[in-house]
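Let me begin by presenting the structure, written as structure tokens, before commenting on it.
Each reported figure results from applying straightforward, stated rules to the coordinates on display, with no laboratory input. The shown structure was predicted, so the numbers you read here are calculated from the model rather than taken from an experiment. Positions of Cβ are backbone-derived with ideal geometry, glycine not excepted, and every protein chain shown enters the neighbour counts.
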Amino acid sequence: MANHTNHNSHAESHGSLKSYVIGFILSIVLTIIPLVLVMNPLFSKAGTIIAIMIMAVLQFVIQLFFFMHIREGEKPRWNVQTLVLGLVIVLTIVAGSIWIMAFNV
Amino acid sequence: MQQVANNHEHGHAHDHEHGHEDHEQLKVLGFWIFLVTDCILFGSLFATYAVLMHSYAGGPTGKELFELPGVIASTFILLTSSFTSGLAILAMNKGKVKELIGWLVVTALLGLSFIGLEISEFTHLVHEGATMSTSAFWSAFFTLVGTHGVHVSVGLFWMVAIMMQLRRRGLTPVTRRKVTTLSLYWHFLDVVWIFLFTVVYLMGVM
Amino acid sequence: MWESLKEFASWFFVTGDPLIYGAMVSIALTMVAIVFVLTKYKKWGWLWREWLTTVDHKRIGIMYLIASLLMLFRGGVDALLMRVQLAFPNLEFLHSDHYNAIFTTHGTIMILFMAMPMMFGLFNMVVPLQLGARDVAYPFLNAVSFWLFMFGAMLFNLSFVIGGSPDAGWLSYPPLSQNDFSPGPGQNFWIWGIQISGIGSLATGINFIVTILKMRAPGMKLMKMPMFSWSVFSSCVMIILAFPILTVTIALLYLDRFAGAHFFTMDGGGNPMMYLNLIWMWGHPEVYIVVVPAFGIFSEVVATFAKKKLFGYTSMVAAVMGIAILSFFTWAHHFFTMGTSANVIAFFAITTMLIAIPTGVKIFNWLFTMYRGKISFKQPMMWTIAFIPCFVVGGATGVMLSVAPADYQYHNSYFLIAHFHQVLIGGVVFGYLAGIYYWWPKLFGFKLDEKLGAWGFWLWNIGFYVCFMPQYALGFMGMTRRYYTYGWDLGWEPLNLVSTVGAFLMGAGFVFQVWQITYSIKHGERDTTGDPWNGRTLEWSIPSPAPFYNFAVVPQVKELDDFWRVKEEKANGTYKEEPVHLEPIHMPKNSGLPFIMSVCWFIAGFGFVWEWTWMAVIGMVGVALVMWARSFQYDTDYYVPVDEVRRTEASLGRVY
């Protein structure tokens, strides 16, 4: 029985219209800022790259929390753990490749 | 003894009630793991792009050929479609099948126009003399962006299949799970595009 | 017409070598014989219903096992051909081209079409039984995985008679694997054979992760899970993280060949070294993917045959999971000599040395488990004991190779060859053989003959050292891998001859094992108890061979080695018999779709290999249609009634 109520609340907490709208607005803002930064460079080239990468990561986080409901679901959250591990490996692949190949380009 | 048997009985009834839903939950977890593998697939393509992004071999550069207006339009289209696929989930949670299908149709149309823009962009690039075999940079570009495009196209076919099933069967644990995984997939593709937009286009025109 | 047909055939089929003509004839004869037998005994329907459409993990496991043994045979014949060619200087047994093709297919087959399916076979045969589950998480997907592997392997092996074998080495480094140096379809066979079976491997990884996380019997906390299942978990984590990289890498190589892309080419800004970088990001975890399950097998076998709890279970879990992560940070040690910054080399040398630590922990755990145990020297235990010294030496030479400055001397020499054969044969093959001997009775209901097995064991082991110890020395003497011949003046002939003798001893060992299996089908000791080894884990609590639903009643687990606890409690009278309550069992229905879909993949793959776009399109449309059809299929499972469960159990000697 306890499980059942749990399930209902679980279904309801699948985000509200409000959270989707907030997520959407934030995504739009985080898309416009890098565009402006690239069109009218405020920082040096390296600074701009860092800034727009940070925006991209923030937008990723927003999608995860507001759209993909990463905080929900029963514990332990294996999906989150797999995702974190996957991201570590993605980072390794990209950074490692750049580092190793730096001598060869 | 009696109590143990009783517990068992209870567990059995519980099983029948929840067996199907548990099974669908299992598939959502599997789909998450699949998305992680897809993340790594794109990660490898990004790594290749990052290493080859200045290997123009005397050919045209991205800065010369990229046309940002179209790309910006695609970006907002895909962003909006990610939002509308979320609204589809909201409709599903309220149990409104028609509204759900309606939002899926909107999402699919947005996805379709995204693909249309991408095709016209690629045609334009080929016209300008940038093809798969022009240079390492363009090979990496077309493969990375094209793989994302193929993912979106597959998602469109899948969406059509799910809309047909929703019309036929309404909301069941199975169709609910399918809509859930589809929307996860769609949000994921939006996330990939954000990085594509940033790394390939924004950094490309800098 | 006739002329053009003849021209097509001479280009389509591999011609000009008596060895290959012989193989063609024998393949054709075998196929005719199979068709004849199936038709004569009216077994086509049986084959389709019971095997080709099955979603039962045990049957899928058995099919994996059979396929991997066939591939072991083919890879082994390749090895013997190479050893014959190298037995004496200046032999003309094989042409250089033929030799190149053989070392390429030997490596590819042994890793991807022998070790991987044998591993998946063991996953399938054991994991659900060990977890107290009735099937894997996604039985349909499991069948898809198997058939994708099978058709990928068939596509790869087809290159032997059609189109020509790949011959650019088992990892097909560019630029050698590019069109300029490897024209023709051989290299494409390599790409698509691996690509298709790789998709299946990835799906298996997802499937078993979810199975392990979600399908364990009630009460089985993760830290009460048998060690083999832990090792499978570790291996699957590596599979899902590594295989997408392989998919991308060889897809890019294909784009270079097919679409004129410039990823790894020498011109157009391409960079062949990027290929090395990418493929080893998969390749290094891959060797851990295959060896970690073997560690799990040794852990089960050691505990069972020493009749003791596994020493250091927690440290073993930590070691196995630590390796899964660490394995992703060592890839560059495969190309120290490529030329990169000193920092890169220092980093990867250190991470490589670090890997030896968790491995060492495991070796000590096994030794301490055996310490003061009452060891019974059955076949699984023999292989385990043989593994330990072999792997220690293999591991130590690995640490030698990780010393980057010294690696400039060892790189691509026979020292390296000896090292990786020692860890892969001593670790992986010995481990899987131990596992097969151990779990064979559970799957087939009889044990494999001890006496013939002992012959196989000793021939394999003696043969191994005779074959590979000389190769360490040959490496130091300057012999490089992939030489197809050498002169008298180099002084390599005695050691090469010894090595060849050793290879044939191992081959004889394999023959004894095949004999052992065929002999034991009739004369093997039947297992009527379901627990032939006095086992500790859940799979031994059910009858042998296991019924299709595995567990009539889902077990309630209280401890690690729960079946051992039950047996002990029964022995000292503290066991509380709980009333058994049979229920209808929920099972998946068989389906022909996985088979059909894989046939479509095969057609598409064949089209891609020959760069016949029309054929590739037909195949891919077929794949899409099957997926579409599956999406609309809702009637996919059923309940086994209690009566049938009771009858099946009774026929296996268990009355409820």
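Miscellaneous remarks
- Residues B:Thr181, C:Thr265, ranked from the fewest to the most other C-beta atoms within 10 Å, line up as B:Thr181, C:Thr265.
- Averaging Cα coordinates gives a centre for region C:301-320 and one for region A:39-101; these two points are 39 Å apart.
- Subset of C:Lys58/C:Lys447; C:Lys451/C:Lys558; C:Lys374/C:Lys447; C:Lys214/C:Lys309; B:Lys98/C:Lys589; C:Lys378/C:Lys522 violating a 29 Å alpha-carbon distance limit: C:Lys451/C:Lys558; B:Lys98/C:Lys589
- The mean sequence separation of alpha-carbon pairs under 8 Å and at least six residues apart, normalised by the residue count of chain C, gives a relative contact order of 16 percent.
- Each of C:Ser96 and C:Glu559 was given a label point 7 Å from its Cα along the Cα-to-Cβ line. The distance between the two points is 6.6 nm.
- Principal-axis analysis of the Cα atoms of chain C puts helix C:450-476 at an angle of about 30° to the longest axis.
- Cα-projected label distance for B:Lys94 with A:Ile25, points at 7 Å along beta-carbon direction, nm: 2.0 nm
- Förster radius 30 Å - calculated FRET efficiency between C:Thr528 and C:Trp51 (Cβ-Cβ, nearest 0.05): 0.70
- Overall shape: oblate for region C:482-612, with the ratio a/c of the largest to smallest alpha carbon gyration tensor axis at 1.5 or above and b/c at least equal to a/b.
- Lysines with Cα under 28 Å of A:Lys45, excluding same-chain neighbours fewer than 8 positions away: B:Lys63
- Per-residue extension of 0.36 nm, minus the Cα-Cα distance of C:Ala23 and C:Met353, leaves a gain of 114.3 nm for this segment.
- Pairwise FRET efficiency - C:Ser341 versus A:Ile54, Cβ, R0 = 30 Å, nearest 0.05: 0.65
- In region C:351-428, the trypsin sites (Lys or Arg not before Pro) that fall in loop regions by DSSP, at most 16 other Cβ within 10 Å: C:Arg372, C:Lys374
- In straight-distance terms, cross-link reach from A:Lys18 covers every one of the lysines whose alpha-carbon lies under 16 Å from its own, apart from those fewer than eight places away in the same chain; here that gives B:Lys94.
- Full extension of the segment from C:Phe12 to C:Arg654, taken as 0.36 nm per residue of separation minus the current Cα-Cα distance, would add 225.4 nm.
- Residues of region C:212-229 with amide N under 18 Å of the 7 Å Cα→Cβ point at C:His581: C:218-219
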